[in-house]
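Step one of this worksheet: look at the structure below.
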Amino acid sequence: MSTTLSHAGVGTMNRGTQHALIASVVVTFVLYQVPYGHEIGRPLVWLSTLAHELGHGITALLVGGRFGKLVMYADASGVAWTSASGAWREGLVAAGGLVGPAVVAALCFLAGRSDKGARFGLSLASAFLLVAAVAWVRNPFGIAFVTGLSLVLAMGAYRLPPAGSRFFVVFLGVQLSLSVFARSDYLFTPTARTAEGVMASDVAKMAEVLWLPYWFWGAACGAFSLVVLVFGLWVSLSGADTSASGRR
């Protein structure tokens, strides 16, 4: 018995997650090769914007600050109104948005370790987004997208077969991972252009309250995001597959 458990838990690949990850990458590649693929994939860009802005807001709450409201627009820009007392708290709130997509991606990969984990993760995310839509989102497009995404996640949790739920949550993790790199130029610019107008970027805000130059904080947030993604992938792919399809 002890030999069997050791063999299953150490040094093995979680095949279910591996298959879901490969399928997600293939679907992503095909999506952006077909005609109008970028337009079809536009909601995935909005997803990364939402993770970014919620990253600011949730970080503000975690450091004892205030999350006032959130707006997001069809051009994939968004703004979160937050407040926090103290330089280091303000810096963490600014960083929260930059690392938010990577953190959520890592959580998606961890949820994708098993069928039950995928269903639970999608259900929890759906419920959280409904709360966010009521508590913080304050413009029509943002409300429509967040509530619509919540319904899609709920359907993924309760309508898809176990393997489908697992693919779905890993697919979302892949999209958020790609957004970390696709939008990495924002880590090294002092300004941000949004539908609200031109304003200081998150790294510029960090530089203002934490002294070091904005490019240093951009590099630090980028490195942290990469570490989080690698850790999430490593944990999700290691160990035995505990899903129904992975049992022997």
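Candidates are the residues of the stretch 121-148 that are among the aliphatic types (A, V, I, L, M) and touching a strand residue (DSSP E or B) at 6+ places or on another chain (Cβ under 6 Å); the one that is surrounded by the most Cβ atoms within 10 Å (Cβ to Cβ) is 137. Whenever a residue of the stretch 104-119 is farther than 9 Å from residue 169 by Cβ, its partners that are in a loop (DSSP other than H, G, I, E, B) and not polar (S, T, N, Q), lying with C-beta atoms within less than 7 angstrom and at least six residues away or across chains, give the pairs 115/244. Screening the candidates 164, 148, 142 for the property of being free of Cβ contacts under 8 Å to residues at least 12 places away in the same chain, out of contact with any helix residue (DSSP H, G or I) (no Cβ under 6 Å at 6 or more places or on another chain) and within 26 Å of residue 80 (Cα to Cα) yields one hit, 148. For the stretch 17-30, a residue qualifies if it is within 24 Å of residue 125 (Cα to Cα) and either free of Cβ contacts under 8 Å to residues at least 12 places away in the same chain or acidic (Asp, Glu) (or both), and the qualifying residues are 19, 22. Taken over the stretch 186-238, the criterion of being in contact with a Gly (Cβ under 6 Å, 6 or more places away or on another chain) and more than 17 Å from residue 102 (Cβ to Cβ) is satisfied by 209, 210. Regarding the stretch 30-42, can at least one residue be identified that is buried (at least 22 other Cβ atoms within 10 Å of the Cβ), at pLDDT below 95 and over 21 Å from residue 225 (Cα atoms)? Scanning the stretch 30-42 turns up no residue that is buried (at least 22 other Cβ atoms within 10 Å of the Cβ), at pLDDT below 95 and over 21 Å from residue 225 (Cα atoms).
The values are calculated or read from the model by the stated rules, or taken from the named source; none is laboratory data. Values in this document were obtained by computation on a predicted structure and should not be read as measured data. With ideal geometry, Cβ positions are generated from the backbone for all residues, glycine too; neighbour counts draw on all protein chains shown.
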